[in-house]
Amino acid sequence: MFARESGQNISYRLYDVAPGEFHARVRAFFAQGGRGLNVTLPHKIAAVDIAHELTPRAAHAAAVNTLAARADGILGDNTDGAGLVRDLCDNLGLVITTAACSSSARAARRAGSWARCWGWHPRWW
């Protein structure tokens, strides 16, 4: 739906990749012209090593869930904490008292500092 609404021609596919094959498969994807990947468990920490550069939030989380091709290499980002904070604070209007979830616990632990970096002001207790 996003691609259609933004006028982009993309293909979004699921790749089931064993941990031992992850680095080679990602390198091959980008070598064949791939533009970006979403990364899920168990590969989020391994994806850090593939990125040529990390966004501040990916470096802060020490995990990557988005890899994007750029002219100067592969950019690694982590949107887990940002998505959690945005959903809970902006969309639902909730006050966050604890932050923990299974697949994004590493990023969620740091979501409070991210929120302030982006000008969001959730109340933390």
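Quick look at the numbers
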| item | result |
| --- | --- |
| Residue list for the stretch 35-56, filter: part of a loop (DSSP other than H, G, I, E, B) and surrounded by fewer than 16 Cβ atoms within 10 Å (Cβ to Cβ) | ARG35, THR40, LEU41, PRO42, ILE45, HIS52 |
| Candidates HIS23, HIS60, HIS43 - the one that is touching a Pro at 6+ places or on another chain (Cβ under 9 Å) and in contact (Cβ under 8 Å) with a residue 24 or more places away in the chain | HIS43 |
| Cβ pairs under 6 Å, 6+ apart, first in the stretch 1-20 and closer than 13 Å to LEU41 by Cα, second in a loop (DSSP other than H, G, I, E, B) and not polar (S, T, N, Q) | PRO19/PRO42 |
| Residue that is nearest to VAL26 (Cα to Cα) [pool: residues in the stretch 57-82 that are assigned to a helix (DSSP H, G or I) and among the aliphatic types (A, V, I, L, M)] | ALA58 |
| Residue in the stretch 74-86 that is surrounded by fewer than 15 Cβ atoms within 10 Å (Cβ to Cβ) and at pLDDT below 95 present | no |
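Residue by residue, here is whether (1) at pLDDT below 95; (2) in the same structural domain as ARG70 (by TED's automatic domain parsing); (3) in contact with a strand residue (DSSP E or B) (Cβ under 7 Å, 6 or more places away or on another chain) holds:
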residue	(1), (2), (3)
ASN9	yes, yes, no
ARG13	yes, yes, no
GLY20	no, yes, no
ALA24	no, yes, no
GLY33	yes, yes, no
LEU41	yes, yes, no
ILE45	no, yes, no
VAL48	no, yes, yes
ALA51	no, yes, yes
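The values are calculated or read from the model by the stated rules, or taken from the named source; none is laboratory data. Small disclaimer: the values here were computed from a predicted structure and weren't measured. When we count neighbours, we look across all protein chains shown, and the Cβ atoms used for this are built from the backbone with ideal geometry, even at glycine.
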